[in-house]
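See structure below.
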Amino acid sequence: MILEIINHEYQYEAEKLTRIFYPNEKINVVFEKTGNSIEPVLTTLLKDNNIKVEFKDCNNNILFSKTQSIKADSDKELITVTLIYEALTRITGYTPKWGMLTGIRPSKLLRSLKENNSAEEGKRIFKERYFVDEEKTNLADSVASAEEKVISLSRPESFSLYVSIPFCPTRCSYCSFVSHAMTEELIEKLMPEYVEYLVKEIEYTGKIAKDLNLRLESVYYGGGTPTTLSENQLETVIGAIENSFDLSTVREYTIEAGRPDTVTAEKLRVMKRGGVSRISINPQTFSDEILKKVGRRHTAKQAEDAFLLARETGFDNINMDLIAGLPDDTFEGFTATIQKAIGFSPENITVHTLALKRSSNMGEGGKVAVEKSRLAGNMLDYAFNSLKDNGYYPYYMYRQSKSLGNLENTGYCKQNRECLYNIFMMEECHSVFAVGAGAVTRLKAPYSSLIDRIFNYKYPYEYINGFDTLLERKKSIYNFYEKDRVGEHNVKYE
Ligand code: SF4
């Protein structure tokens, strides 16, 4: 379809909103009138303080046309997107549950609306101005409250540590991460070498943190699947962290053991001995057919066994990841998965919405229609209600571009079992020092709004070959903190 942006600057917002209704269509953005076209055309035009939005189908029939005058400059954007939203809901017959919100953190918007108004008024604006439905408003509200509690734990000198292990047993067809499926060569050559360099980077980063007198709040290993490391490699990495950082202040230490086929009793023991307090075992679905279809080389039973083994080893804080909208999954299938997960009583259940990314390899070519979005939406509503009925509440939420229906990923937890790292990272409460291939260090200045990022090389070979350059880049962490120290606030945190 063609999206005409004429005389205004809201291309980004208009395109993102249109994408919610046409997730798989190529949207051609143009900046002047196209005349008659064989494609549908959505025109957005600003002229003489009026915004006009018009929709023509491929036969050039005008299906929607509305003009609204603008009284204040500050209303321009809101009026433009509101008219686009009105046009597209009318044309497609689809009403997104998040209304016209396109941002990745709805709870952050709600928090600021509540801060700038009364709590009730903030909620009302959130719902009515952006057309968010009742359930999603309540979800965002619950998340906003849980986030506030965790955000308050972060201090100016706090930081968290992220460790990237970008390897997996096989590649899931929906995967959008940079992760490498295990091959003989990878196991024999690349992984040992990767661990060697990772340890060096851990040591280097630990020194920076000590020099800056920072306080480590949480540690998180992701990827990939960190438990693709052998028992010895896992022990080496855990040991390097123990030797390089002061772990006495750590509130939470998570390792993702996502693929159950990588979990062994010995690895669990190594993690437990190393002070790991939280792990994630991810069934995604309890349907063997669907697991096979999406290329996960494990069964539902393996996920169950891995969970029970982790309990036996003494893990009392376990997350399970599930996905709504997997290919061939039905509403009934998804409800069975939720019920089964609840039956295991994990401390966290994270419900993702399937997102189709360019780098994923979904066989059917991502033919995601409004119907699939509706189904995923119903699945999420079911998850929200049944998890609530079973003592879980949502504490963390974000949206990914290209997820079905522009729907969300939500972390649910039992009382006081929020994953701290998820909130620290998502809300940019403090710096996250990241190590490993593909890792991104996110710097947040303690006393100012200064934010910066340091990117590590994406792929393991690049990471190893460019290691010295990478360490050089990391030196800039000192400068970043120094700048904040001598900045306008001029406050010392030693
Ligand atoms: S387990 Fe996760 S990181 Fe690994 S391939 Fe599957 S989706 Fe990607």
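What follows draws every value from the coordinates through simple rules; no lab data is involved. As the structure is a computational prediction, the values presented were derived from the model and not from experiment. We place every Cβ from the backbone using ideal geometry, glycine too, and count neighbours over all the protein chains shown.
Per-structure values
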quantity: Relative packing of peptides 333-340, 251-258 - highest average C-beta neighbours within 10 Å first; calculated: 251-258, 333-340
quantity: The chain: antiparallel DSSP beta bridges as a percent of all, rounded to 5; calculated: 45
quantity: Residue-averaged 222 nm ellipticity for the chain, from DSSP H runs of 4+ at -39500 (n - 2.57), nearest 500; calculated: -12500 deg cm²/dmol
quantity: Total lysine pairs whose alpha carbons fall under 15 Å of each other in segment 381-494 (8 or more apart, or interchain); calculated: 5
quantity: Helix axis angle, 476-485 relative to the chain longest principal axis, alpha carbon, degrees; calculated: 70
quantity: Net lengthening on full extension, Arg273/Arg124 (0.36 nm per residue, minus Cα-Cα); calculated: 48.7 nm
quantity: Check: segment 140-200 dipole with +1 on Lys, Arg Cβ and -1 on Asp, Glu Cβ, in debye; calculated: 60
quantity: Peptide ranges 409-421, 125-137 listed from the most packed, as the mean C-beta count within 10 angstrom indicates; calculated: 409-421, 125-137
quantity: Charge dipole of the chain about the Cα centre (unit charges at C-beta), most positive-ward option of Gly122, Ala434, Pro166; calculated: Gly122
quantity: Segment 106-149: translational diffusion in µm²/s, Stokes-Einstein, Kirkwood Rh over Cα pairs, 37 °C, 0.692 mPa s; calculated: 331
quantity: Qualifying chymotrypsin sites (Phe, Trp or Tyr not before Pro) in segment 1-66, DSSP loop, other Cβ atoms within 10 Å at most 12; calculated: Phe31
quantity: 0 to 90° range, to nearest 10: angle between helix 11-21 axis and the chain longest Cα axis; calculated: 90
quantity: Between 0 and 90°, nearest 10: helix 134-151 axis offset from the chain longest Cα axis; calculated: 40
quantity: The chain shape via C-alpha gyration tensor axes, a/c threshold 1.5; calculated: prolate
quantity: Sequence-distant aspartates and glutamates (8 or more away, or on other chains) whose Cα lies within less than 13 Å of Lys26; calculated: Glu15, Glu39
quantity: Karplus-derived 3J(HN,Hα), 6.51/-1.76/1.60, for each residue of segment 345-354, Hz, glycine and proline x; calculated: 6, x, 6, 10, 10, 10, 10, 9, 9, 4
quantity: Reach of Lys76 by Cα under 21 Å, taken over lysines that are not fewer than 8 positions away in the same chain; calculated: Lys16, Lys33, Lys47, Lys52, Lys66, Lys127
quantity: Nearby aspartates and glutamates by direct alpha-carbon distance to Lys372 (threshold 17 angstrom, same-chain neighbours under 8 apart not counted); calculated: Glu25, Asp328, Asp329, Glu332, Glu364, Asp381, Glu408
